[in-house]
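The values are calculated or read from the model by the stated rules, or taken from the named source; none is laboratory data. No experiment lies behind these values; they were computed from the predicted model shown. Every residue, glycine as well, gets a Cβ built from its backbone with ideal geometry; the counts of neighbours run over all protein chains shown.
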There are 2 protein chains.
Amino acid sequence: MPTSRRIVLASRPQGWVTPDNFRLETVETPPLKDGELLVRNEWLSLDPYMRGRMNEGRSYMQPQALGDTMGGGTAGAVVESRHPRFKVGDRVTGYLGWQEYAVSDGTGLYAVDATRVPLSAYLGAVGMPGVTAWYGLNRIIAPKAGETIVVSAAAGAVGGVVGQLARLAGCRAVGIAGGAEKCAFVVDELKFDACIDYKSQDVSKALKDAAPQGVDGYFENVGGEIMDAVLPRMNAFGRIALCGLIAGYNAEPIPIRNPTWFLVSRLMMRAFIVTEHMEVWPGALKELGGHVATGTIRYRESVAQGLDSAPDAFIGLLKGRNVGKQLVKLV
Amino acid sequence: MPTSRRIVLASRPQGWVTPDNFRLETVETPPLKDGELLVRNEWLSLDPYMRGRMNEGRSYMQPQALGDTMGGGTAGAVVESRHPRFKVGDRVTGYLGWQEYAVSDGTGLYAVDATRVPLSAYLGAVGMPGVTAWYGLNRIIAPKAGETIVVSAAAGAVGGVVGQLARLAGCRAVGIAGGAEKCAFVVDELKFDACIDYKSQDVSKALKDAAPQGVDGYFENVGGEIMDAVLPRMNAFGRIALCGLIAGYNAEPIPIRNPTWFLVSRLMMRAFIVTEHMEVWPGALKELGGHVATGTIRYRESVAQGLDSAPDAFIGLLKGRNVGKQLVKLV
């Protein structure tokens, strides 16, 4: 059996995540038992929710235990199998964590067709981030043609899909992202109608131009000042899909400054975790896979090379350095 | 035609409402035209939403114009009629404002049966406050038997009905109110399972005992610190009906300190204005009228005597001095 490297949680962050919160370990892969298979992970997905799991205390996911391999979505190939459902050479996605090889009993592992769309897309637009976008937009915002949909972190893996799905639904899609490069990507490549650079623009003022009819749906990944700027621009009966609040993940939570806007505009806000709505995944993945295969939905990847680059890449993700889906290429 | 007194908005409040924001005027009632009727208002309803209308600027209701008669729900008797739908002696409810007599063309005026329930109840449990409770509970919180429902301003006209309807739905009803007298009323008369006195208790700690299974539905009238204390006690998939934020009506809006709780517990919050959902009124009023007639739903009234007492009574309402429905008796 091969030697494998993995990254474990060495300590819990105080504020910003630092490299010494992680530890790289080299381990021998144990031999397979009946019903098990060995996967060589080719891609590791880095996602904002991982920050929450590094903390102790109540959250929507179990905290990551100290010393355990960091959890994370992966895509790879079956290299050995004593499992009836998988054979050597199958390409699979699953939740095998920050490691090069993993033994699995097949739980949560899915064979995918890596000829139709690239394997890595199953960690992005045709994976958890894509379904997250699909669920929040379709099941919470429920856009009607002609409405205006705003999404924060628009250049990210989730936000980029939100706006493109909104456009496909006949809506005006307005992104909010940090920096000129991200905004150019959002407008030029993803074909959003507009994108606001919160680092150089006053979001509230810029929304007057970018969303002249007001905002009917808001897909929130960020929170804090950006949310405070969007709320006053929302139309009556606006809907907010609360997916993340990355602005407040590192320190004290950031308040919603003026909840009166909820009353003034009779807003609805619902938070969600896409893994609690598995019933929508097959349909959403089919739809997203079709759009990606035909190029109707586009995406970009930020790729870090090698497992040992994962901690820095993750810190970069939390600081907004990536454009599009943040991946680590392990092979 | 009779001489009538009315109260107009004299100036807009800076912070707390003061008596000099109002002016009492005496006017001659104009003679009726065809299609009009004259109502003698017997009861005037005082409600928190009136505070919002005293401000300038965007809100969910048009601001009250300076010099105009203060708007407000009323119940009274037809004393003269040239209107085909109303005859002298009919008891009617409507939105005739802070005045003793009003000429109406019948718009928004409804004849009611004041023998089944007292006329004043049509301004409370069998009126707008009752339907507000009904809508927020049934259409937003949608309680299931066995769940725990918390309501702030529980001794108020809306809150009292929320908890009683929740109990009728098989739920545990927990009130939050200010002061021992109000809490005694909520538990002893309205038969809530528990009531927390936010003036003498730590709401967060008290909720551990009062809602040992956590909070599934929260009917919010107050906001601020009380909301901050309830959010961490909410169960996964909890629902919040946002009816009012009276804690922040007078000055700077009060933030929601930690919106992360929405993510942690995947909460849904929806704000509403009951007059935008007229389709539920007939059914809700029928249900509420039945419960009040049989004594299944109980209520209390704080009654101020005479039109000139209305400003002080309204200020008292905003300061939480009333128990139950705040009314002004005009006759």
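Which one of these is closer than 19 Å to A:A304 by Cα and of a type outside the set (F, W, Y): A:S11, A:S81, A:S4? I'd like the intermediate steps shown before the answer.
Working: A:S11 fails: closer than 19 Å to A:A304 by Cα; A:S81 fails: closer than 19 Å to A:A304 by Cα.
One residue alone meets the criteria, A:S4.
The residues of the stretch A:96-131 that are without any contact (Cβ under 8 Å) to a residue 60 or more places away in the chain and either of a type in the set (A, V, I, L, M, F, W, C) or in contact with a strand residue (DSSP E or B) (Cβ under 7 Å, 6 or more places away or on another chain) (or both), listed by number, are A:L96, A:G108, A:Y110, A:A111, A:V112, A:A114, A:Y122.
Could you list, in sequence order, the residues of the stretch B:178-203 that are exposed (fewer than 15 other Cβ atoms within 10 Å of the Cβ) and assigned to a helix (DSSP H, G or I)? It would help to see each step written out before you state the result.
Looking only at the stretch B:178-203, we keep the residues that are exposed (fewer than 15 other Cβ atoms within 10 Å of the Cβ), and these are B:180-181, B:188, B:191, B:199-200, B:202.
Listed by number, the residues that qualify are B:A180, B:E181, B:D188.
If the condition is being of a type in the set (S, T, N, Q) and either touching a residue at least 24 places away in the same chain (Cβ under 8 Å) or closer than 19 Å to B:G106 by Cβ (or both), then the stretch B:1-54 contributes B:T3, B:S4, B:S11, B:T18, B:N21, B:T29, B:N41, B:S45.
Within the stretch B:279-331, the set of residues being more than 30 Å from B:R5 (Cα to Cα), among the aliphatic types (A, V, I, L, M) and more than 16 Å from the chain's Cα centre (by Cα) comprises B:V280, B:V292, B:A293.
Going by the conditions given, is B:A236 more than 7 Å from chain A (Cβ to nearest Cβ) and at pLDDT below 95?
no
Right, A:V331: surrounded by fewer than 15 Cβ atoms within 10 Å (Cβ to Cβ), modelled with pLDDT under 95 and touching a strand residue (DSSP E or B) at 6+ places or on another chain (Cβ under 9 Å) or not? Criteria met by A:V331. Within the stretch A:201-217, does at least one residue satisfy the condition of being modelled with pLDDT of 95 or more and within 11 Å of another protein chain (Cβ to nearest Cβ)? No: zero hits.
Please go through the stretch A:44-92 and give me each residue that is over 19 Å from the mean Cα position of the chain (by Cα) and within 14 Å of chain B (Cβ to nearest Cβ), ordered by number. A:E56, A:G57, A:R58, listed by residue number. The residues listed here are B:L9, B:L44, B:L32, B:L37; of these, the one that is more than 19 Å from B:L330 (Cα to Cα) and either among the basic types (K, R) or touching a strand residue (DSSP E or B) at 6+ places or on another chain (Cβ under 8 Å) (or both) is B:L32.
Taking the stretch B:254-286 only, how many residues are at the interface with chain A (Cβ under 7 Å from one of its Cβ atoms) and either among the small types (G, A, S) or buried (at least 18 other Cβ atoms within 10 Å of the Cβ) (or both)? Total satisfying the criteria: 16.
For the condition aliphatic (A, V, I, L, M) and buried (at least 23 other Cβ atoms within 10 Å of the Cβ), what is the one hit in A:L44, A:L32, A:L66? Can you show your working first?
Values: A:L32 fails: buried (at least 23 other Cβ atoms within 10 Å of the Cβ); A:L66 fails: buried (at least 23 other Cβ atoms within 10 Å of the Cβ).
Matching residue, one of A:L44, A:L32, A:L66: A:L44.
Only residues that are over 20 Å from the mean Cα position of the chain (by Cα) and without any contact (Cβ under 8 Å) to a residue 60 or more places away in the chain were counted in the stretch B:239-264, giving 13.
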